[in-house]
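Trainee: First, the structure itself, so that you have it in front of you.
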Amino acid sequence: MLDPSRRTLALNDERTWFQRAVFYEVYVRGFYDATGDGQGDIRGVTSKLDYLEWLGIDCLWLLPFYASPWKDGGYDVSDYYSVHPAYGSVTDIEELLNQAHLRGIRVIADLVLNHTSDQHPWFAESKMSRDNPKSDWYVWADDDGGYQSAPVIFIDSQSSNWTYCPDREQYYWHRFFNHQPDLNYENPDVQEAMLQVVRYWLGLGFDGFRLDAAAYLFQAEGTCCENLPATHTFLKRIRSVVDAEFPEAVLLAEVNQVPSEVVNYFGNGDECHMCYDFPLMPRLFLSVKTESALPTAEALRQTPDIPAGCQWGIFLRNHDELTLEMVTDQEREFLYSAFASDPISRRNVGIGRRLAPLIDNDRRVAELLHALILSLPGSPILYYGDEILMGDNIYLGDRDSVRTPMQWSPDRNGGFSRADPARLYSSPIIDPVYGYQVVNVESQMNNPSSFLRWTREMLSVRHRESVLGDGEFKLLSVDNDCVLAFARFLARDERVVLCVFNFASKVQPVSVNLSDWISRVPVELLGMTPFPVIEDDGAYRLTLAPYGFLWFELCVA
Ligand code: BGC
């Protein structure tokens, strides 16, 4: 274990670190194979920490690494206390945590709360009879007629949330795959068992959890079985354990819900510290395709205020499909036709593509979207490989399309593994546009104008301008619908950052209302170039390149 005094030196000892952090999501299986068996592993992640430190990320989010039959990328856990043998051991995890902390990088784990694998010993016991000690650790019923208002989530493969179990001659409830039975949180023993899991991994040194599928923990007849009061009560229980025993740990909730529901997961600052901003994400893509800032501005207007000490998690892509659950039917149809004209790229209610192919590999759009998630209210969460604009393979099933090996170099297997290529868990991308021979970390590190180097530079500006992490947010009025403008500032502080974005593919003029900051001098943050002073009427004219953006500090003259 890490010497605690070193850790305090390396990491700032304060509770709201996550408000200024840049997160980086790692699919361990696809990141780096240190053991040469064709699968990424924990030691592989550890060996790439220098890279992640160089890039400037603050917190790693590890996708599930627990023992699992791996029928759902590890979200089908068969033992919460052990590491999948292909990934390594608990000792490897401890070493990863130690090495990350020495570099000032925090690490959060994915906590799969809602369900286990059907291979978990709890389920094996539960299904054997109706009166064994674990018989009510899962949600059982004599027929499949209950909770009909709860939608099926994985519509590509599941037709019902109930599956018949011949052993028990009953049905069990599952919101995801039928090999993932939902735990029964009505049972206090289940709650206790999960709190022990929380204590175990935080005690080992993790800095928090992403709470998987947090909206579905309880069921109630006549409801959609999402966002129920009992679910909030249990999440608050987890939070009270965290506050009492691990006060620096963060809870990041995965709740793919409308803004008025998501905001409840912050409680009164006594539930989750962070929630993903699912409603915002598809609107960014909508704005790009419609060349209009209005969808994004509207989503921002609908984003509720959150309690002090909380934060949104904002992202472009992740290990799942680009989910389109949070848009209107009309918007969804438009997004499908704009981004998934080939039906093979559709997954469930969404699109199984990475960022670069979604935006036709347009570097300008990639920069625009990254600049947005680095300056909008929230902490940015980057998905491994997007920093080099990696491609995908839409012919792989389910969400494996976006989980191909990280492309480290032009060497064999993209530098991901020394194994025989035939042994890899998935082939690396080899097409002429996104193939590892052209798109890889090594070549982009060596190229000063690469997207990787640009991203690194942007992360350093984001760290320098901490107001982008924890500042107030104000949308500014503009006279051009293609353009989004907002300010980030600290109340009672002089420091103000102005951010302006052009969603159009053509150059655009704009006048931004800066009447709150008359006589200040905008200084552009990437080149530190002073711009003309803000005159008395506050109408500030700018010209933006196609998909261009500008960040300024508004300096007191
Ligand atoms: C995860 C998915 C997973 C599902 C079931 C989700 O929210 O992000 O990858 O399949 O939960 O655990």
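Each reported figure results from applying straightforward, stated rules to the coordinates on display, with no laboratory input. All of these numbers come straight from a predicted model, not from anything done at the bench. Neighbour counts run over all protein chains shown; Cβ positions are idealised from the backbone, glycine included.
Trainee: For the peptides 366-375, 179-188, what is the packing order when you average, over each peptide's residues, the other Cβ atoms within 10 Å and list the highest mean first?
Mentor: Numbers: 366-375: 22.8, 179-188: 19.9.
Sorting 366-375, 179-188 by mean packing, highest first, produces 366-375, 179-188.
Trainee: Net charge near TYR24, counting Lys/Arg +1 and Asp/Glu -1 over other residues with Cβ under 9 Å of its Cβ?
Mentor: Details: positive: none; negative: GLU25, ASP58, GLU387.
Here the count lands on -3.
Trainee: Could you give the distance between the Cα centres of the range 436-489 and the range 200-216, to the whole Å?
Mentor: The distance from the Cα centre of the range 436-489 to that of the range 200-216 comes to 29 Å.
Trainee: In whole angstrom, and with the biggest value first, how far do the Cα coordinates of the range 414-557 range along each principal axis?
Mentor: Principal extents (Cα only, largest first): 68, 33, 24 Å.
Trainee: Given H placed 1.01 Å from N in the peptide plane, which residues other than close sequence neighbours of SER82 have an amide H under 5 Å from its amide H?
Mentor: ALA67
Trainee: Let me check I've understood the local charge: for GLY313, count other residues with C-beta under 12 angstrom from its C-beta, Lys and Arg +1, Asp and Glu -1. What total comes out?
Mentor: Charge balance near GLY313 sits at -2.
Trainee: Using only the Cα atoms, work out Rg/Rh for the range 381-432, with Rh taken as the Kirkwood radius, to two decimals.
Mentor: Expressed as Rg/Rh, it is 0.94.
Trainee: Given LYS134/LYS236; LYS289/LYS474; LYS48/LYS474; LYS474/LYS506, which pairs have Cα atoms separated by over 31 Å?
Mentor: Pairs exceeding the cut-off: LYS48/LYS474.
Trainee: For the range 115-182, treating each Cα as an identical point scatterer without solvent, what Debye log10 I(q)/I(0) comes out at q = 0.12, 0.18, 0.26 1/Å?
Mentor: Log10 of I(q)/I(0), two decimals: -0.27, -0.61, -1.18.
Trainee: Still on this structure, please answer the following. Taking the dipole about the Cα centre of the chain, with the C-beta of Lys and Arg at +1 and of Asp and Glu at -1, give me whichever of VAL497, TRP70, VAL152 is farthest to the positive side.
Mentor: VAL497
Trainee: I've got another one for you. When the Kirkwood hydrodynamic radius is evaluated over all pairs of different C-alpha atoms of the chain, what value in angstrom, to one decimal, is obtained?
Mentor: 24.5
Trainee: What net charge do the residues around PRO188 carry, taking every other residue with its C-beta under 13 Å from that of PRO188, with Lys and Arg at +1 and Asp and Glu at -1?
Mentor: Values: positive: ARG237; negative: ASP136, GLU186, ASP189, GLU192.
Charge balance in the 13 Å sphere: -3.
Trainee: Once phi is turned into ³J(HN,Hα) by the Karplus curve 6.51 cos²θ - 1.76 cosθ + 1.60 with θ = phi - 60°, what whole-Hz value does each residue of the range 431-447 show in order, with x for glycine and proline?
Mentor: Those phi angles translate into 6, x, 8, 10, x, 5, 5, 9, 9, 7, 4, 4, 5, 6, 5, 7, 10 Hz.
Trainee: I would also like to ask the following. Nothing charged except the Cβ atoms of Lys and Arg (+1) and of Asp and Glu (-1): what's the magnitude of the dipole of the chain about its Cα centre? Round to the nearest 20 debye.
Mentor: Using Cβ point charges on Lys, Arg, Asp and Glu, the chain gives about 1260 debye.
Trainee: Could you size up the charge dipole of the range 271-393 around its Cα centre, putting +1 on the beta carbon of Lys and Arg and -1 on that of Asp and Glu, and report it in debye to the nearest 20?
Mentor: 160
Trainee: Determine, for each peptide in 418-429, 55-66, the mean count of other beta carbons within 10 angstrom over its residues, then list the peptides with the highest first. Please list the in-between numbers first.
Mentor: Details: 418-429: 16.2, 55-66: 23.2.
Going by the mean number of other Cβ atoms within 10 Å, highest first, we get 55-66, 418-429.
Trainee: Taking the highest mean first, how do the peptides 344-351, 227-234 order by number of other beta carbon atoms within 10 angstrom per residue?
Mentor: 344-351, 227-234
Trainee: Largest first and in whole Å, what are the equivalent-ellipsoid semi-axes of the range 372-459 based on the Cα gyration tensor, each being the root of 5 times an eigenvalue?
Mentor: Whole-Å semi-axes of the equivalent ellipsoid: 24, 17, 10.
Trainee: Take the alpha carbon atoms of the range 471-556, find their radius of gyration, then divide it by 2.2 N^0.38 Å using N residues; give the quotient.
Mentor: Normalised Cα radius of gyration, the range 471-556: 1.01.
Trainee: Any idea how far the Cα center of the range 27-60 sits from the one of the range 264-294, in Å?
Mentor: Cα centres, the range 27-60 to the range 264-294: 28 Å.
Trainee: Counting other Cβ atoms within 10 Å of each Cβ, which trypsin sites (Lys or Arg not before Pro) in the range 53-115 have at most 16 and sit in a DSSP loop?
Mentor: In loop regions of the range 53-115 (DSSP not H, G, I, E or B), the sparsely surrounded trypsin sites (Lys or Arg not before Pro) are LYS71, ARG103.
Trainee: Please give the Cα centre distance for the range 103-140 versus the range 362-405, rounded to the nearest Å.
Mentor: 31
Trainee: Another one. What spacing in nm lies between the two simple spin-label points modelled at SER260 and SER460, each 7 Å away from Cα in the Cβ direction?
Mentor: Between SER260 and SER460, the simple spin-label model gives 4.7 nm.
Trainee: Using Cα pairs under 8 angstrom and six or more residues apart, how large is the relative contact order of the range 115-182, in percent?
Mentor: RCO, the range 115-182: 36 percent.
Trainee: Taking the dipole about the Cα centre of the range 471-556, with the C-beta of Lys and Arg at +1 and of Asp and Glu at -1, give me whichever of CYS482, PRO532, ILE518 is farthest to the positive side.
Mentor: Of the listed residues, the answer is CYS482.
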